[in-house]
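Read through the structure below, which is laid out as structure tokens, and then see the notes.
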Amino acid sequence: MKENWDLIIKPKRSLFEIDFKAIWRYRDLLRMFVYRDFVTYYRQTILGPIWFFIQPIFTAAINFFVFGSLAGLGPEGVPGFLFYLAGPILWQYFQDTFTKTAATFVENQAIFGKVYFPRLIMPLTVLISGLLKFGVQLLLLLIAIAYYYFNTGHLSMRWEIVFFPILLIIIMIFAMGFGLLVSSLTTKYRDLKFLIDFAVPLFKYVTPGIATSYVLFVEKLPANLIPFAKYNPLGYLIDSFNYMFVGAGSFEWINIGYSALSAIIVLIFGVLIFNQVEKNFMDTV
């Protein structure tokens with residue numbers, strides 16, 4: 001007679017093993033966490049979800065004034081506001097997902113210590129809820145592109161936009177991998193949290209595609225700093241995103257492939273260390 005057990009204790013799993021069946025069994029919990037993060041974030045604010053639109057608009061306006069008008073770094077032949085609206089949207093999704101995933105163990109130690117569920121549920125929650133916010137802001141960008149088209153008759157989007165899902169998946173892998181890696185290390189080294197909080201927002205200013213296109217960015221850099229731009233995989237992704245939606249930048253498969261390979265390597269190391277740390281992180285935090 002076959003017996004059905006509520007809990008099965010298994011030997012220690014390997015470092016690279018991910019229990020997808022357990023994550024699927026807890027999909028309702030994942031859905032609940034995503035709903036909580038997305039709906040309750042602005043619940044007690046006056047403007048509520050309107051902040052999803054206000055933030056990128058203000059960011060684009062400030063970047064346009066500082067980098068476009070004062071510094072003269074804006075790309076030629078492209079509406080400045082559209083350019084400074086596009087790149088920061090994708091970067092903000094990466095930054096939010098990375099920083100929130102990096103705080104997974106520290107911020108959720110209370111619930112982790114009381115009940116069991118697959119720990120990867122929390123990073124996946126951040127990934128999906130951030131994707132919903134990104135979708136809302138992407139809609140704002142499309143509205144701005146449509147407004148520019150009806151006023152000028154020029155469509156800024158390129159046919160390469162059909163490959164945008166590939167670009168988004170690579171960004172998601174990057175954010176998840178870096179987040180898992182840092183979250184595992186912060187259980188023991190809390191200083192990393194403070195480093196990430198101020199270092200990641202500053203890093204966007206040395207990433208091509210935020211303040212200006214990749215080509216112009218490299219031209220403005222001192223010769224000894226050019227390698228840092230050339231080997232920055234995030235720069236290629238944001239530059240390609242700008243090219244797809246506003247026509248500024250470039251789209252080359254060799255750069256996309258380099259970024260994808262870098263993202264996979266980061267994710268492998270992130271999962272490896274995450275699986276190692278989650279076994280006894282409650283004793284550390």
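Only the coordinates and a few stated rules stand behind these numbers; no lab work does. Quick caveat: nothing in here was measured; it's all calculated off a predicted structure. All Cβ positions, even for glycine, are placed from backbone atoms using ideal geometry, and neighbour counts span all protein chains on display.
Details
- Residue-wise HN-Hα coupling along the range 194-201, computed from phi with Karplus coefficients 6.51, -1.76, 1.60 (Hz; x: Gly, Pro): 5, 5, 5, 4, 9, 7, 5, x
- Exposure proxy order (Cβ contacts within 10 Å, fewest to most) of Asp197, Asp28: Asp28, Asp197
- For the pair the range 94-136 / the range 177-202, the C-alpha centres are spaced 14 Å from each other.
- The range 27-37 - phi-based ³J(HN,Hα) in whole Hz, Karplus 6.51/-1.76/1.60, Gly and Pro as x: 5, 5, 5, 4, 4, 5, 5, 5, 4, 4, 5
- Residue-by-residue Karplus 3J(HN,Hα) for the range 258-268, coefficients 6.51, -1.76, 1.60, Hz, glycine and proline x: 4, 5, 5, 4, 4, 5, 5, 4, 5, 5, 4
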